[in-house]
Amino acid sequence: MPITTTRRRLLAGSVATLALPAFARAQSAVKPRLTAISQWSAGSDGAAITALGKKFEEKGGVWQHSPVPGFTTEMMNKLRAQIMAGDPPACSQLKGPEIAAWSKIAPTVDLDAVVAAAGYEKVVAPDLAKLHKPGGKWIALPLQIYSTNMLFLSKRAMDKAKADKIPVTWADFNDLAEKMKAGGVPYPIANGGTRPDDGQKFEAALAGISPLAYRAAIMNLEKKALEGPEIKAAFAQVRKIADWMDPNVGAQHFSTNLKRFIEGDMGMMIMGGWAQGVLRNAGFKLEDFTIAPGPSNNGKPVFLLNADAFIFWQRKEADLQAGQTLMAQLVMDPAIQTMYSQITGSIPVRTDVDLSGEGWSDGQRRTAAALKDAIASNQAVLSLAHNMAQENGMTAAMIDVITEYVKNKTIKPEQAAIRLAEAVEGAR
Amino acid sequence: MSNAAAIRPGRPALPEWVRRLPEYLMIWVPLLLSAAHLISFSLWTIWISFTPSTLVPVSGWVGLRNYTAVAASRNWQIAFDNLLLFGSAFVVLSAATGLILAILLDQRIRGENALRSIFLYPLAVSFVVTGTVWSWLLNPGLGIQKLVHDLGWTSFKFDWLIDRDMAIWTIVIAAIWQSSGFAMALFLAGLRSVDADIVKAAQIDGAGPVRIYRRIVLPSLWPITVTVVVIQLQFAISTFDLVRALTNGGPGIATQLPALVVYDLMFQRSLLGRGAAAAVLMLLILLAVLLPYAAWRYVQRRRALHA
Amino acid sequence: MRDHSFAPSRIWIYLVVTLIAAAWLAPLAVVVLNSLRSNEEIAQGSMIGWPQHLAWSNYPAAWSGFCVAETCSGIRPYMLNSALVTIPATIFSTLLGAIAGYAISLWRFRGDNWIYGIVTLGLFLPQQMRLLPWTIVLRDIGLINTLAGLVLIHTIQGLSFTTLFCRNYYVAIPHELIRAARIDGAGFFRIFWRIILPLSGPILIVTVIWQFTHIWNEFLYGVTFTTGQQQPVTAALIALSAAVADIPQHGVQSAAVIIAALPTLLIYLIGGKYFVRGLTAGAVK
């Protein structure tokens, strides 16, 4: 049976340079075509990528998108199969450090020239830019941004607690939760219980306590920071959050609780900006809840970055190359990013897009403002729970510890901190 | 075979093997393809388990490092313990459920066709769907517990799904629901092939129904029971979609199972080498179960030959 | 024991059977009820509940309305894809398994027990483990992203089950029957068509049911080895489930689940009786 590895084939070419003139020539000679793989198939995700495809076709391109429904893992299986078959898509969804990892197994396109032409680098958060140019050259382009630690407040629960101030620090947050509990809100926290959900509780806690410690421990995996007091404090905060949740939620999706959240039986939710779209699509009114940046002990917003992106795989076909250039230009285009974010509820990657106009919600405006402030104060960090801070293997090892801690109340914060450090060592 | 050929009436002198080429091809090509894919895929996996492969297969040699890493991981240890518990509990309970259902259906009751279809239909539905539906039914805030609370019995508690120690039993429940229809069908088939004359003779001798079941019917089901156990074991070991949709290994990592760990390592964590090592360990567990069965079959066959 | 000699206990039997049947039907009931509730109603209420307004529109939406990215054609085309893979793969694996089982049980040839043992071991080889090797094989024979590739995979993998069950069934056929036919000059295929196949009804129903449902419900290979418009129905079902950033479309999804399960449910409803009958002869040996 002809079973051999494909490494030689895969590593045959390194990142090759495609000069801009070649692009231009190809573009004029052929109809641009794009083969793309993503997991965006349903709801607003599906609608947004469909709209992007329409724009691509309006510019004279042929749009060949192949959605792989389900978990990211299945999308990656498909991508891996295509790469092993020597037939990668011209572009595919991929995010965070996985961009660097996958770029080692197949040649990618050097986008430096197109990026420079669009002046894109100046308007992208520096930590984010780094992820998309792993070898020093742009090979992938971020498309939209979410913050994973936005704070959603239920209007009715606030009324029950007789509170109107949005909590700024974790101490404020804890006070408000106690007030809600006292005011007759049975469960002050409305989160779900999936693995990313548990991860989000932890990253929101740690980054809010100390963005510096988050950067050192979670993004840079510094041993000293992983054993530092902030980690224990974060786990202690997570325990409080878990204790305020309905234990019955199990591993359900956060959307299970939306009704009780709106009705004030649950008070707060630490969730990505996408929850706004979910609430809206479920038919709830925007005035029934408030969105604010997640708690931050130093008072300045902390932004946990989660960005979706496209990576571009090297193809020899002239029409695909032309399609890649067109796609890259579209993804960086402020109008396109505006269109995309207005469908999905995210915010644009470009920090120079004006969100004051129509089509944006207050939540989105606040998120964008928080991002600007966070970048200015160096408090925009990469989300662990949504695979932005570490490669998937490391992320999963860390989330194992976190989700076990959330679900098992006999584990002490000190123990959890030790286990987290051990998990990091084991996965290195 | 040779004497059959010798008796054949005279035909144009084509060599025997040419004449029989089509049948050889029809027999051997599919069987050899099947065997070849099983052997080569297994060997490939064993090979990969000794390489440093991560995202894609690569060559290289890391010795037993992948194995020690898997064996040392909490996920695998929990998965292994769970497999022992889940495997034995599920196999015994689903066989028992299947047997009880079969005996009930065998009582010449009205509506047997409909009932049989009801017990069999879960086999027709995809595990992803049933896992999801069970995750609602078993969730204390959504499903059975809430229903009973709403009916007024508010102290009722059925929250195994969120209980670390009991969550594995929710998988047992869903798996029994999904697959004991198959056991039922096998047992029902067995019950129906019990020799009616012997039963009649026993009845004439004045034996009651319980006694007839204990002395005549159940002993004759023994070979079927072995088949049921083997098929359910195969189900237990390869249980994947159901758990992924029902608990996804949670609460925390309390309901990990080897098949889940293999997939997680290979494709979620992009640690192909380690995932392959876990798969090989899983195959070894399988062999530990199957070898006794094969030995039993062998002894049985020898006995049949000598009888 | 199969007469009515112990009638008093029969009420008890009916009671128990009805209770168990109700428990068995509960998950189906949840799905059927959800298929009649709108997505909003479920999102604003609970996953389990009685429909407030019958949302029949879920069914047309599931059948030909909802979108998987750009393609807004419901599950209809995906049903066709699944049929295009499931039907040939079921026929091939059943037929080849029947021939193999017939040869192993009634003709006996050198190495038959060995190859039979190896092939049946395939029942136990986890699917996840075979994904990458199949990727390599399909690449090398040029069948990646084709339905033919999926048919090939399911035919070869299905042989493990079909050969096992057919062989066990044919073992019970008296050898004298074959011997007499051979003396009359009948060859391998003629005996198969004329004598064996007519006797095989029950066991073929078992293997057809088993193969059909397994292939129809398969997801992992279905999404990895196809692109876009060729995806199986399971992919379209998953597309409707909760993405992290979206409201789960439980109403339409439940309707789609029911439509997608109709072929397999029908097969069980119709074949159930023969299933038991076939197993009576097939799996017992």
Residues to consider are A:Gly86, A:Gly70, A:Gly119, A:Gly136; find the one that is facing another protein chain (nearest Cβ under 8 Å) and either at pLDDT 95 or above or under 24 Å from the mean Cα position of the chain (by Cα) (or both). A:Gly70
C:Ser64 being farther than 14 Å from C:Ser254 by Cα and in a helix (DSSP H, G or I): yes
Can you tell me which condition B:Leu283 does not meet? The list is (1) crowded, with 24+ Cβ neighbours inside 10 Å; (2) farther than 19 Å from A:Gly426 by Cβ; (3) more than 7 Å from every other protein chain (Cβ to nearest Cβ), and all the others hold. (1)
Might you check whether a residue that is surrounded by fewer than 23 Cβ atoms within 10 Å (Cβ to Cβ) and polar (S, T, N, Q) occurs anywhere in the stretch A:145-155? no
Looking at the stretch B:50-81, which of its residues are over 13 Å from B:Gly273 (Cα atoms) and basic (Lys, Arg)? B:Arg74
Scan the stretch B:11-26 and report the pairs whose first residue is modelled with pLDDT of 85 or more and whose second residue is of a type outside the set (D, E, K, R) and not in a helix (DSSP H, G or I), with Cβ atoms within less than 8 Å and a gap of 6+ or a chain change. B:Glu23/C:Gly187
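Rundown of residues vs (1) within 13 Å of chain A (Cβ to nearest Cβ); (2) touching a residue at least 60 places away in the same chain (Cβ under 8 Å), yes/no style:
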{"position": "C:Asn34", "(1), (2)": "no, yes"}
{"position": "C:Met47", "(1), (2)": "yes, yes"}
{"position": "C:Pro51", "(1), (2)": "no, no"}
{"position": "C:Ser64", "(1), (2)": "no, no"}
{"position": "C:Ala83", "(1), (2)": "no, yes"}
{"position": "C:Ser93", "(1), (2)": "no, yes"}
{"position": "C:Ala100", "(1), (2)": "no, yes"}
A:Leu212 passes all but one of (1) of a type outside the set (Val, Ile, Thr); (2) touching an Asp or Glu at 6+ places or on another chain (Cβ under 8 Å); (3) not in a loop (DSSP other than H, G, I, E, B); which number fails? (2)
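So that you can scan it fast, the table gives a plain yes or no per residue for (1) buried (at least 24 other Cβ atoms within 10 Å of the Cβ); (2) part of a helix (DSSP H, G or I); (3) of a type outside the set (Ser, Thr, Tyr); (4) outside the structural domain of C:Tyr59 (by TED's automatic domain parsing):
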| site | (1), (2), (3), (4) |
| --- | --- |
| C:Val85 | yes, yes, yes, yes |
| C:Leu96 | yes, yes, yes, yes |
| C:Ala100 | yes, yes, yes, yes |
| C:Phe109 | no, no, yes, yes |
| C:Asn113 | no, yes, yes, yes |
| C:Tyr116 | no, yes, no, yes |
| C:Thr120 | no, yes, no, yes |
| C:Pro133 | no, yes, yes, yes |
Residues in the stretch B:160-182 that are part of a loop (DSSP other than H, G, I, E, B), touching a helix residue (DSSP H, G or I) at 6+ places or on another chain (Cβ under 6 Å) and either crowded, with 19+ Cβ neighbours inside 10 Å or of a type in the set (Lys, Arg) (or both) total 0
Contact list please: Cβ distance under 7 Å, first residue in the stretch A:168-193 and closer than 18 Å to A:Arg239 by Cβ, second residue hydroxyl-bearing (Ser, Thr, Tyr), pairs at least six apart or on different chains. A:Thr169/A:Ser296; A:Gly192/A:Thr256
Hey, can you tell me all the residues within the stretch A:387-428 that are more than 8 Å from chain B (Cβ to nearest Cβ) and of a type in the set (S, T, N, Q)? A:Asn387, A:Gln390, A:Thr395, A:Thr410, A:Gln415
Select from the stretch B:18-68 the residues that are at positive phi and touching a Phe, Trp or Tyr at 6+ places or on another chain (Cβ under 8 Å) and list them in ascending order. B:Gly63
Scan the stretch A:278-296 residue by residue and report those that are in a helix (DSSP H, G or I) and either surrounded by fewer than 23 Cβ atoms within 10 Å (Cβ to Cβ) or not assigned by TED's automatic domain parsing to the domain that holds A:Ser154 (or both). A:Arg280, A:Asn281, A:Leu286, A:Glu287, A:Asp288
Could you check, for the stretch B:40-47, whether at least one of its residues is closer than 30 Å to C:Gly272 by Cα and touching a helix residue (DSSP H, G or I) at 6+ places or on another chain (Cβ under 9 Å)? no
The one condition A:Gly60 fails out of (1) in a loop (DSSP other than H, G, I, E, B); (2) within 12 Å of chain C (Cβ to nearest Cβ); (3) surrounded by fewer than 20 Cβ atoms within 10 Å (Cβ to Cβ) is (2)
For the stretch C:163-170, state whether one or more residues are over 20 Å from B:Val29 (Cα atoms) and within 12 Å of chain B (Cβ to nearest Cβ). yes
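Per-residue answers, yes or no, for (1) modelled with pLDDT of 85 or more; (2) of a type in the set (Val, Ile, Thr); (3) surrounded by fewer than 18 Cβ atoms within 10 Å (Cβ to Cβ):
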position	(1), (2), (3)
B:Met184	yes, no, no
B:Asp197	no, no, yes
B:Pro209	no, no, yes
B:Ile237	no, yes, no
B:Arg244	yes, no, no
B:Thr247	yes, yes, no
B:Ala254	yes, no, no
B:Arg274	yes, no, no
Subset of the stretch A:232-253 [crowded, with 19+ Cβ neighbours inside 10 Å and either outside the structural domain of A:Gly294 (by TED's automatic domain parsing) or of a type in the set (Asp, Glu) (or both)]: A:Asp246
Can you pull out the residues in the stretch C:31-83 that are in contact with a His (Cβ under 8 Å, 6 or more places away or on another chain) and of a type outside the set (A, V, I, L, M, F, W, C)? C:Asn34, C:Arg37, C:Ser38, C:Asn39, C:Glu41, C:Glu70
Among the residues of the stretch B:29-48, which ones are of a type in the set (S, T, N, Q) and either in contact with a Lys or Arg (Cβ under 9 Å, 6 or more places away or on another chain) or away from chain A (no Cβ under 11 Å) (or both)? B:Ser34, B:Ser42, B:Thr45
Quick one: which of A:Ile37, A:Ile105, A:Ile99 is at pLDDT 90 or above, within 19 Å of C:Gly222 (Cα to Cα) and outside the structural domain of A:His386 (by TED's automatic domain parsing)? A:Ile37
Just to be sure before I move on: is C:Thr226 modelled with pLDDT of 90 or more and in a loop (DSSP other than H, G, I, E, B) in the structure I sent? yes
For the stretch A:299-316, what are the residues that are of a type outside the set (A, V, I, L, M), in contact (Cβ under 8 Å) with a residue 60 or more places away in the chain and not in a strand (DSSP E or B)? A:Gly299, A:Lys300, A:Pro301, A:Gln314, A:Arg315
Heads up, the helices (runs of 4 or more DSSP H) in the stretch B:194-258 (entirely inside) with at least 1 residues that are in contact with a Cys (Cβ under 7 Å, 6 or more places away or on another chain) are none
Can you confirm whether B:Gly141 is facing another protein chain (nearest Cβ under 7 Å), out of contact with any Leu (no Cβ under 9 Å at 6 or more places or on another chain) and either modelled with pLDDT under 90 or surrounded by fewer than 21 Cβ atoms within 10 Å (Cβ to Cβ) (or both)? yes
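The values are calculated or read from the model by the stated rules, or taken from the named source; none is laboratory data. Everything quoted here is computed from the prediction, not taken from an experiment. Cβ coordinates were reconstructed from backbone atoms using ideal geometry, including for glycine residues, and neighbour counts include every protein chain displayed.
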